[in-house]
Amino acid sequence: MAPGKGLPNPQVKQPLFSFGVITDVQHADIPDGRSFLGIPRYYRHSLEVLQRAVGKWNALRKLDFSVNFGDIVDGYCPKDKSLTTVRKVLDEFSKFDGPVYHIIGNHCLYNLPRSDLTGLFNIPSFHGTAYYEFSPSPEYRFVVLDAFDISAIGWPRDDPRTSAAVRFLQAKNPNVDKNSTAGLCGLGRRFVMFNGGIGREQLLWLDEILEDSDECCQKVIICCHLPLDPDAASFEALLWNYDEVMKVVHRHNCVKVCFSGHDHKGGYSIDSYGIHHRVFEAALECPPGSDAFGYVDVYRGRLSVHGTDRLASTEMVFQS
C-alpha cells in the first residue's frame, strides 16, 4: 500500500460539526406513478432510501443531527392512512442516533393540518407557524423558514392567511386549476398553489435573527422547503416571494448558504452576493437500487456536501 493511503491527512482540519440531509421522501403504500412532467416516482421504494440514509448516517458515527427538508408523505397517500403513514416515516427517522430537524412541505399539508404536523415533527410553534432557529455551535446558526406561512393549503379555510393566499393566486394565476402553470411565463410560473409565501411577521423575525447573527459574528445556514434562487431551481418551484426574502437576507453579511428541497431534480447556484444555494435531489425519484441522501461537513470557511448516488456532492467556499 502506498505510504499514507487510507490514513487521515494531517493537513485536513476536522469539521466543526456534521449533519445528514434528505428531502422529498414522499412515501405512500401505493404503486409507482409519475409526476405531471412524466417523471417516474417510486412511492414505496422511497422509504428504503430513507432507511439506507439512516443506516449510513449512523455508521459514520460523527453526525450531530440530521435535517429533513420536507414532504415525507405524498399527496396521493390515501387520506385515511395519512397519520399512520407519517408516523411510519417518522419511526424510520427516529432510528437515527441524534436529533432530526423537520421542515413542513406542501405534501405534508395535503395529508394533515399543520397543527398536527408541528406536534408530530416537534417543531417549536407559535399559533401554528413552523419557522424556528437553532445553533449547533457558537460559529453557526440555522434558520428554518416556513415556506407555507401564506398558503392556500394547510391553514383552516377561514384563516386570514388562507384568504390572502387565495386572493394572491387569483391575481397572479388566471387558470381555474391554480396548480396549473398554463399561460404563465418566466418567473410568473411560481404562482401556483403547491407553492407558498412568507408573511410579514416571519420576514421581521428573519431580519431580527440575521441582525443578531451579524452582531454575534455567526455564519447562517437558511433551510427552506421551497428554493430561494431562480438560478438553482425551476421557476415553478420557487417561493412566491423569494425576492422579498432575499432582499432581507442580502441586507446582512451572515448568510452563507440556503438549502432547500421541492424541486426534485436538484440544483446549485451562487448568487451575486456570494450566497450558495443548494437544492437537494429527491428520494422519491430514486429507482430501486439507487439513493439520494447525504451529509454535510461544516468548517469555518466552507461546507462540504457529501452526496450518495443521485444526490450530488458540492463544495462551497465562502467569501469573507
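Structure notes:
- Note on region 125-168: Cα-only Rg and Dmax are 13.9, 42 Å.
- From phi via Karplus (6.51, -1.76, 1.60), per-residue ³J(HN,Hα) for region 157-167 in Hz, x at Gly/Pro: 4, 8, 6, x, 6, 5, 4, 5, 5, 5, 4
- Cα pair distances of region 37-150 binned at 10 Å [whole percent]: 12, 42, 35, 10, 0
- Relative to the Cα centre, the charge distribution of the chain, modelled as +1 at Lys and Arg Cβ and -1 at Asp and Glu Cβ, gives a dipole magnitude of about 520 debye.
- Over the chain, dividing the summed -39,500 (n - 2.57) contributions of all DSSP H runs of at least 4 residues by the number of residues returns a 222 nm mean residue ellipticity of -7500 deg cm²/dmol.
- Bridgeable lysines around K56 (alpha carbons under 24 Å apart, same-chain partners fewer than 8 residues away excluded): K5, K13, K88, K95, K265.
- Share, in percent, of DSSP beta bridges within region 1-144 that are antiparallel, nearest 5: 45 percent
- Amide H to amide H distances under 5 Å link D159 with no residue, where only residues 5 or more positions off or on other chains count and H is placed in the peptide plane.
- Of interest is the spacing of the C-alpha centroids, which for region 174-216 and region 106-130 amounts to 18 Å.
- Semi-axis lengths, largest first, of the ellipsoid equivalent to region 100-152 are 22, 11, 10 Å, with √(5λ) applied to each eigenvalue of the Cα gyration tensor.
- Calculated from backbone phi, Karplus (6.51, -1.76, 1.60) coupling profile of region 275-287 in Hz, x at Gly/Pro: 7, 7, 10, 10, 9, 7, 6, 7, 5, 4, 9, 8, x
- Against the empirical curve 2.2 N^0.38 Å, the C-alpha radius of gyration of region 167-283 lands at a ratio of 1.10.
- Binned Cα-Cα distances of region 194-240, short to long, each 10 Å bin given as a whole percent: 24, 42, 30, 5
- Kirkwood-type radius of region 220-320, with distances r between different C-alpha atoms, in Å: 13.9 Å
- Evaluated on the chain, the Kirkwood hydrodynamic radius is 20.0 Å, with distances taken between all distinct Cα atoms.
- Rolling a 1.4 Å probe over the protein heavy atoms of the chain, with every protein chain left in place, gives an accessible area that is 52 percent carbon and sulfur.
- Counting only Cβ charges, +1 for Lys and Arg and -1 for Asp and Glu, the dipole size of region 179-320 around its Cα centre is about 220 debye.
- Considering only F126, F280, F191, the mean-square fluctuation computed in a Gaussian network model of the chain, springs between alpha carbons under 10 angstrom, is largest for F126.
- Computed over the Cα atoms of region 260-304, the ratio of the radius of gyration to the Kirkwood radius (Rg/Rh) comes to 1.05.
- Percent of beta bridges antiparallel (DSSP, the chain, rounded to nearest 5): 55 percent
- With kT/(6 pi eta Rh) evaluated at 10 °C and eta = 1.306 mPa s, and Rh the Kirkwood radius from Cα pairs, region 23-62 diffuses with a coefficient of 141 µm²/s according to Stokes-Einstein.
- Using alpha carbons only, the radius of gyration of region 64-114 set against its Kirkwood radius gives Rg/Rh = 0.99.
- Heavy-atom accessible area per residue - region 181-319, 1.4 Å, Å²: 37 Å²
The values are calculated or read from the model by the stated rules, or taken from the named source; none is laboratory data. Model, not experiment: these values are computed from the prediction. FYI the Cβ positions are ideal-geometry reconstructions off the backbone, even for glycines, and counts take in every protein chain you see. Keep in mind that these areas ignore ligands, DNA and RNA; they rest on the heavy atoms of the full protein, side chains included. Shrake-Rupley method; radii C 1.70, N 1.55, O 1.52, S 1.80 Å.
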